[in-house]
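I have placed the structure first, in the form of structure tokens, so that the comments after it can refer back to it.
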Amino acid sequence: MLLRGGRRAALLLAAAGVTGAGALARRDPDTAVYASASPPLRQALYAAAEGLRSGTRLFSPWLLPPPPHQGFPILNSFASASVSPADLSSQGSAGSSDDSRCCPGCLGRNSIAKAASAVGPAVVNISCMQDAHGWRLEESIGSGTIIDPDGTILTCAHVVADFQSTKAVVRGKVSVTLQDGREFEGVVLNADRHSDIAVVKIKSKTPLPAARLGSSSRLQPGDWVVALGCPLSLQNTVTAGIVSCVDRKSSDLGLGGLRREYLQTDCAINQGNSGGPLVNLDGEIIGVNVMKVRNADGLSFAVPIDSVVKIVDNFKRNGRVVRPWLGLKMLDLNPMIISQLKEKSSTFPDVRKGVLVPMVTPGSPAEQAGFRPGDVVVEFGGRPVESIKEIIDIMGDKVGVPFKVLVKRANNVTATLTVIPEEADASR
């Protein structure tokens, strides 16, 4: 390629930043040209411009005749640089390995590997074997995570327990294998059927590796997550994906019983992953993997860690999970749903947010309190509410405690009710 002309030379001089600041010496605000370039590049551009101004033909390096030659003195892009091609390559690798991220949650070259290595030593393989008179009847396999150096392990209830009526029955001898190959016998401390969360304890003479708990409340669809576990007893297995939904309801999955919410991801989950951790890029547990949709790819579900923490707290305080029951079917309202309901009925109350009550269970605490189908709950326990989750959080584990509820009805009629939750029947 041949370059000619003083104008091109001037542009090259401008790009070379001969003043050191990247601008032409004559700083006319209307005509000044600014550029940013590294010192080796400025040197190369300056040499090229000088060659053009002197009339010397300038060829691309790959068209130069073999040395000795005349004209542009640079043979390749590394010739006048202070770093050789080999050194530059090694610097590039080192620069990538530091995995610098612009902000938490950004995906770097080693982000997934670092998240997995932070939690990996605390991930365990759990197996339960049932036998009778020396005959092995059944073996259950799953995963778990040590969350305390004292040997406290989070896992799935279905891995370690059977539920006969309302009582959890341990499946058999619980064997726990760590990533480093050590084996322990585990004791099931608690198991909850509805959440499918259980706590197992092992004893060790030395402190055990433990994973950090994060928060699931800050997750968004599209966030990167990592699933760890022992699918098919293949220990130290890592898969990665994104969060597909942060509040997948149990009713969406056709699951009956009490209302639950799950994190939906597209991480690969298989038999044996149950109870293993779902981890964010900071190496914190944000969920416990519990299930996948059979014969479907990319449909996996985890219990959010914020819910798990509350369950564990219930285990410590009550020895079980206490769930208040009102007997209401509820629906979160948003502006679009409200607009649609107003189109169907002009008597629908004027509200901007709240929780709709489509159905009241006969004989329930809600019916006794005076709830009616069509009520919109706008305050619960003296606090404004706009979601079912907020009502559940306000109730906590309070059973037999009265709550004041403000509802709006057709034609903007306001009513204040007092409801006393009962403990949910575990068989529901």
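The values are calculated or read from the model by the stated rules, or taken from the named source; none is laboratory data. None of the values given here were measured: they were computed from a predicted structure. Don't worry about glycine lacking a Cβ; one is built from the backbone with ideal geometry, like all the others, and counts go over all protein chains shown. For accessibility, only protein heavy atoms count, side chains too; no ligands or nucleic acids. Shrake-Rupley method; radii C 1.70, N 1.55, O 1.52, S 1.80 Å.
Distance between the pseudo-spin-label points of S204 and Q271 (7 Å out from Cα toward the beta carbon): 2.9 nm. Estimated at 0.36 nm per residue, the fully extended path between T416 and L232 surpasses their Cα-Cα distance by 60.8 nm.
What does a probe at D425 reach in the stretch 332-369, counting residues whose amide N is under 11 Å from the point 7 Å along Cα→Cβ? It comes to 364, nothing else. Which whole-number percentage describes the relative contact order of the stretch 285-335, with Cα contacts under 8 Å and a sequence gap of 6 or more? RCO, the stretch 285-335: 25 percent. Based on C-alpha pairs under 8 angstrom that are at least 6 apart in sequence, the stretch 212-318 has a relative contact order of 28 percent. Distance from a point 7 Å along Cα→Cβ of M359 to each backbone N in the stretch 243-263: keep the residues under 16 Å and list them by number. Answer for this model: 250-260. Shape summary: the stretch 324-423 maps onto an equivalent ellipsoid whose semi-axes, from the alpha-carbon gyration tensor, are 23, 14, 11 Å in decreasing order. Taking the 1.4 Å solvent-accessible surface of the stretch 308-391 as the whole, the part contributed by carbon and sulfur is 52%. Amide H contacts for V174 (H built 1.01 Å from N in the peptide plane; partners 5 or more residues away or on another chain; cut-off under 5 Å): G186.
The label point for E185 and the one for D247, both projected 7 Å from the Cα toward the Cβ, are 4.6 nm apart. On full extension, the segment bounded by R294 and Q130 gains 56.5 nm, given 0.36 nm per residue less the C-alpha separation.
Looking at the stretch 212-318, the DSSP beta bridges with both ends there are about 90 percent antiparallel.
Each label was represented as a point 7 Å from its Cα along the Cα-to-Cβ direction; for A113 and D313 these points are 3.9 nm apart. Relative to the current alpha-carbon distance between K389 and L258, full extension at 0.36 nm per residue lengthens the span by 45.9 nm. Across the cross-link table entries K316/K404; K201/K310; K173/K203, which are compared at the Cα atoms, the separations over 23 Å belong to K316/K404. For the pair D150 and V322, a Förster radius of 30 Å applied to the C-beta separation gives a FRET efficiency near 0.75, rounded to the nearest 0.05.
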